[in-house]
Amino acid sequence: MQDQNLKDFLKEFSISDSQLQEIYKRFTSEIRNGLSKTTQPQADIKCYMTYVQDLPTGDEKGDFLALDLGGTNFRVLLVSLKGQHEAEIDAKVYAVANDLMIGEGTQLFDHIANCLAEFVVEHSLGDKHLPLGFTFSFPCVQLGLTKALLVRWTKGFKCAGVELEDVVRLLKEAIARRGDLIIDVMAVLNDATGTLMSCAHRNPECRIGVIIGTGCNACYVERVENADLLEIEYKTDKRHILVNTEWGAFGESGQLEFMRTDYDRTVDKLTLNAGTQLFEKMISGMYLGELVRLVLQDAIIKDLIFHRCTDKQNFINILNKNAGCIETRFISEIENDGFPEFRQTRLLLQELFGLEKTSVEDCQKLRFICECISKRAAKLAAVGLSSLINKIAEPHVVVGVDGSVYRFHPHFDEYMREAMRVLVDPKLSFDLMLSEDGSGRGAALVAAVASKN
Ligand code: GLC
C-alpha cells in the first residue's frame, strides 16, 4: 500500500477517464486541422506529407546506404534487402558531441559526411555508388522525396543555418566539399516513417509507425483524398500517402494546460525549445527523467520520501544542481526492480547520490513516483495512437513501435494497451509490434521503393 500523502501529492499525474476522453477529442481535432490547407497554419499537429506513397511488398532487393540522425547518436548503415521480407544490416554508431548539436550547421553536416566517408572506406563501398536514404528525425516540410525543409530543431539540437533550409542540399554540399564521394540521395524521411516502412516490410497490416524514444512522433497511412496539403511530385494514381504527424507539438496552443503540472512547465523552461513540443515533453525519454528529478526533489522537501535520510539537504542540492542526473533509463530500471531487495534501485541511489542503506519503503515510494510519470506518458501516447487507429478505420491495424522508452521500460506496452482498449473503437482491433531498426531498414526501403517508381 502506498502512503496516502504521497498518493495525494502525485495525483496531478493521474489521468482520469474523462480527462483521457477530453485529450482524445482535442488531439483528434488537431489532426483534422493539420490535414487541411485552410486550418494547418494554426494547427499544433502539422501532419506533414512525406511523398512516400507505397508500402513495401517484402520483395525489395539491393544494397543501400542509410544515415540516421535524430536521437542521441548518429549512425551510418549498410542495408541489404534480400527479398522475402528479409534484410541484413551492418551499422556503425558515431557520437555527436554536444558542441556539434548546437554549433554551425555546416559543421554538423561535415561531420555526417566524414562519418559516411569513413564507413564507405571501411566497407570497401567506394566504387559501388550505392543509393542512400537519409533519416532525418526533425520536423520538416517536404517538397518531394528528396527535398525537406527543416521547420525547427527539437530534442536538444540547435545548429545555426539549418532551419528553413533543405537538409538534403546541406548533406549534398557537405559531401561535395569532401570531393571524394559519389552518393545518390534517393530519399529523406523521418524515423517514424522509417519505422512504419520497416514494420510494414515484415507485417503487411502495419499502418502506423510510432517512436517513443528520445522524442515522440508518429507516421500513418492516409488516403490521398484526405490530404489536401499535397502539392507537387505526388502520384495521382496512388490511393495512399504516408503522413508524418509531428504530434510531439500537440499542446502548443494551450490544449494541454488543464492537465500540465508545474513540473512540466519547469522541464520545458530548461530546454532549448521552450514553449514547443509540449506533448513530446510529457512522453519521451529526453524529458521523463527530468520530471522524476523535479518531482523527487519536491517530494523530499515536503518530507514525503527519504524523511529519515541523514543528509537530506545534500541530496536535495544534488538533485537541484544536476539537471539530467536522472536518466530515463533509470525509470525503467527502477520499475523493473524486485521487491523487497530493490538491488538496482539501491545501487543507483548509491552511485548517483551517495545514499547508503535505503529503506524498502523509500524504494517503493521512488518506484511509485516513476510509475505515475511513466503511466501518464503511456496514456498520452495511447491517445495519439487510438486517434490514428480510429481515423484509419481498418478492421485490424498493426502499429510498429520503436524507441528506447517503449523498448526498455518493463510496463510501457501494457500501460499503453490498457488505455488504447478504452479509446479504440470496439469494432476495430489493433496490435503493437516492436520495430527492428526502423530508421535504417526504413530508409533503405523508402529508397528502394523510390527507385522502383
Ligand atoms: C521529435 C522530432 C520528430 C521525430 C521524433 C522522434 O519529435 O520532431 O521528427 O520523429 O522526435 O525521434
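Scanning segment 364-382 finds one or more residues that are out of contact with any Lys or Arg (no Cβ under 9 Å at 6 or more places or on another chain) and over 23 Å from Lys7 (Cβ atoms). For segment 279-310, residues that are open to solvent by less than 10 Å² (accessible area, probe 1.4 Å), at pLDDT below 95 and either closer than 27 Å to Lys46 by Cα or of a type in the set (Lys, Arg) (or both) total 0. Summed over segment 57-73, the residues that are open to solvent by 10 Å² or more (accessible area, probe 1.4 Å), in contact (Cβ under 8 Å) with a residue 60 or more places away in the chain, within 14 Å of the ligand (Cβ to nearest atom) and assigned to a strand (DSSP E or B) give a count of 1. Only one entry of Ala227, Ala200 meets the criterion of being open to solvent by less than 10 Å² (accessible area, probe 1.4 Å) and at pLDDT below 95, and that entry is Ala227.
Looking at segment 95-118, which of its residues are polar (S, T, N, Q) and either open to solvent by less than 40 Å² (accessible area, probe 1.4 Å) or within 25 Å of Ala448 (Cα to Cα) (or both)?
The first filter runs over segment 95-118 and keeps only residues polar (S, T, N, Q), leaving 98, 106-107, 114.
Correct list: Asn114 only.
Out of curiosity, is Lys92 open to solvent by 20 Å² or more (accessible area, probe 1.4 Å) and part of a strand (DSSP E or B)? Yes; evaluated as a whole, the condition is true for this residue. Quick one: in segment 363-412, of everything that is surrounded by fewer than 22 Cβ atoms within 10 Å (Cβ to Cβ) and within 15 Å of the chain's Cα centre (by Cα), which residue is farthest from Asn226 (Cα to Cα)? Applying the filter and picking the extreme gives Phe408.
Would you please name the residue that is farthest from the ligand (Cβ to nearest atom), looking only at residues in segment 74-89 that are touching a residue at least 12 places away in the same chain (Cβ under 8 Å) and open to solvent by 60 Å² or more (accessible area, probe 1.4 Å)?
At the first step, the residues of segment 74-89 found to be touching a residue at least 12 places away in the same chain (Cβ under 8 Å) are 74-85, 87, 89.
Those still in the list that are open to solvent by 60 Å² or more (accessible area, probe 1.4 Å) too: 82, 84-85, 89.
Values: Lys82: 27, Gln84: 29, His85: 24, Ile89: 19 Å.
Once the filter is applied, the top-ranked residue is Gln84.
Per-residue answers, yes or no, for (1) closer than 15 Å to Ser439 by Cβ; (2) modelled with pLDDT under 95; (3) out of contact with any strand residue (DSSP E or B) (no Cβ under 8 Å at 6 or more places or on another chain):
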{"site": "Val93", "(1), (2), (3)": "yes, no, no"}
{"site": "Asp99", "(1), (2), (3)": "no, yes, yes"}
{"site": "His111", "(1), (2), (3)": "no, no, no"}
{"site": "Ala117", "(1), (2), (3)": "no, no, yes"}
{"site": "Ser124", "(1), (2), (3)": "no, yes, yes"}
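The set of residues in segment 164-197 that are of a type in the set (Gly, Ala, Ser) and more than 16 Å from the ligand (Cβ to nearest atom) comprises Ala174, Ala176, Gly179.
Would you check if Gly285 is more than 16 Å from the ligand (Cβ to nearest atom) and of a type in the set (Gly, Ala, Ser)?
Numbers: more than 16 Å from the ligand (Cβ to nearest atom): no; of a type in the set (Gly, Ala, Ser): yes.
No; evaluated as a whole, the condition is false for this residue.
The values are calculated or read from the model by the stated rules, or taken from the named source; none is laboratory data. What you are looking at is a predicted structure, and each value in this text was computed from that prediction instead of being measured. With ideal geometry, Cβ positions are generated from the backbone for all residues, glycine too; neighbour counts draw on all protein chains shown. We work out accessible area using only protein heavy atoms, side chains counted, and drop any ligands, DNA or RNA first. Shrake-Rupley method; radii C 1.70, N 1.55, O 1.52, S 1.80 Å.
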